[in-house]
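Asks: This is the structure I have questions about; it appears just below.
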Amino acid sequence: MLNKTTLFSLLALSLSGCVGLNTVSMTQVPAERENKISTSSSSWNFIGINFSNQFVDVAIDKLKEQCPSGKIEGVYTKHQTTGYLLVFKREVIVSAYCNEV
Amino acid sequence: MPIKMKSMFGLSLLLIGGCSQLHHVHVSDIDQSRGRLTPFTVKVNELGFDAAQTVQIGADVAKSASTSEDLEFIAFILAISNFGPTTGNPVYNDNYAEQILVEVVKACPSRKITGLTSIREATNIGPVSGEVVRINGYCIN
């Protein structure tokens, strides 16, 4: 029974991640705020070993696709890391307003 | 564990530890309404060095116990003298990021710039690292 409890606790521990907020930034917020767009991209790693940070560029490309001919303003960028058991998820979450000119 | 096995394990960890770290990301406004955008990337980097970790590796591979103890003490002194909030490894040139504005202007001769993304990242190989500031952006043509 003790083993089952230990295993269940370990499983629960590995499924519930602890989030660490790395950085937050924001640009000037426009008066027109009707068309909100958002995107995110992430990268998983084992014990913190990563070989690239290209997932950041993916988020920006996805943001641009949502506003192909307008101005993307009021950009809110959040960079966070979620830690599971030995596995980590690095994530960039971006939201902004798309204003057509 | 015999000392050779320990050293080999440490070395292999050192080799696979050549990894990227992302410290900071800032995405700015992107104006796609004034013409075609051409992407550019500008990067500056500086050698980062963790002296305490280097001495600790020396202590781990030292043959005699007394040398190992001495090196561990030095590593401890170095570690506490660099204690505090840091972003990446220490560098020995605190002006290395200042050229980045000149480089951004050079990268975009039209001078119309939008969508600047500032990224502070590092590539670590054991106690040595490349401390990088990268700016991605778009020239409006």
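Readers should treat all values here as calculations from the given coordinates under stated rules, not as data from a laboratory. Note that the structure is predicted; figures quoted are calculated from it, not measured. Backbone-built Cβ (ideal geometry, glycine too); neighbour counts: all protein chains shown.
Asks: For the ranges B:78-89, A:47-58, what's the packing order if you count other beta-carbon atoms within 10 Å of each residue, average per peptide, and put the highest first?
Replies: A:47-58, B:78-89
Asks: Among the aspartates and glutamates, which fall within straight-line cross-link reach of A:Lys89, defined as a Cα-Cα distance under 18 Å, with same-chain neighbours fewer than 8 residues apart omitted?
Replies: Correct list for A:Lys89: A:Asp57, B:Glu121.
Asks: How big, in percent, is the set of alpha carbon pairs in the protein assembly as shown lying more than 27 Å apart?
Replies: Numbers: 14835 of 29161 pairs.
Of the Cα pairs, 51 percent sit more than 27 Å apart.
Asks: Within 10 Å of each Cβ of B:27-38, how many other protein chain Cβ atoms are there on average?
Replies: Whole-number average of other-chain Cβ neighbours for B:27-38 is 6.
Asks: Let me ask something else. Using DSSP to call loops (not H, G, I, E or B), can you name the GluC sites (Glu not before Pro) in segment A:4-93 whose Cβ has at most 14 other Cβ atoms within 10 angstrom?
Replies: Passing both the DSSP loop test and the Cβ count: A:Glu32, A:Glu34.
Asks: May I pose another question? State to the nearest 20 debye the size of the charge dipole of segment A:17-99 about its Cα centre, where the only charges are +1 on K and R beta carbons and -1 on D and E beta carbons.
Replies: Around 140 debye, computed over segment A:17-99.
Asks: Another question, if that's okay. Pull up the cross-link candidates among the lysines for B:Lys112, meaning alpha carbon to alpha carbon under 29 Å and not fewer than 8 places away within one chain.
Replies: Those lysines meeting the cut-off are A:Lys36, A:Lys62, A:Lys64, A:Lys71, A:Lys78, B:Lys43.
Asks: Also, I was wondering about something else. From the gyration tensor of the Cα coordinates in chain B, what semi-axes in whole Å does the equivalent ellipsoid have, largest first, with each one equal to sqrt(5λ)? Mind dumping the intermediate values first?
Replies: Working: eigenvalues 368, 47, 22 Å².
Three semi-axes, in Å: 43, 15, 11.
Asks: For segment A:17-99, taking Cα atoms only, what is the radius of gyration to one decimal and the Dmax to the nearest whole Å?
Replies: Considering segment A:17-99 through its Cα atoms, Rg and Dmax are 14.3, 44 Å.
Asks: Another question, then. For peptide A:45-55, compute the average count of partner chain beta-carbon atoms within 10 Å of each residue's beta-carbon.
Replies: Partner Cβ neighbours, averaged per residue: 4.
Asks: Sort B:120-126, A:79-85, A:21-27 by the packing proxy (mean of other Cβ within 10 Å over each peptide's residues), most packed first.
Replies: Going from most to least packed, we get B:120-126, A:79-85, A:21-27.
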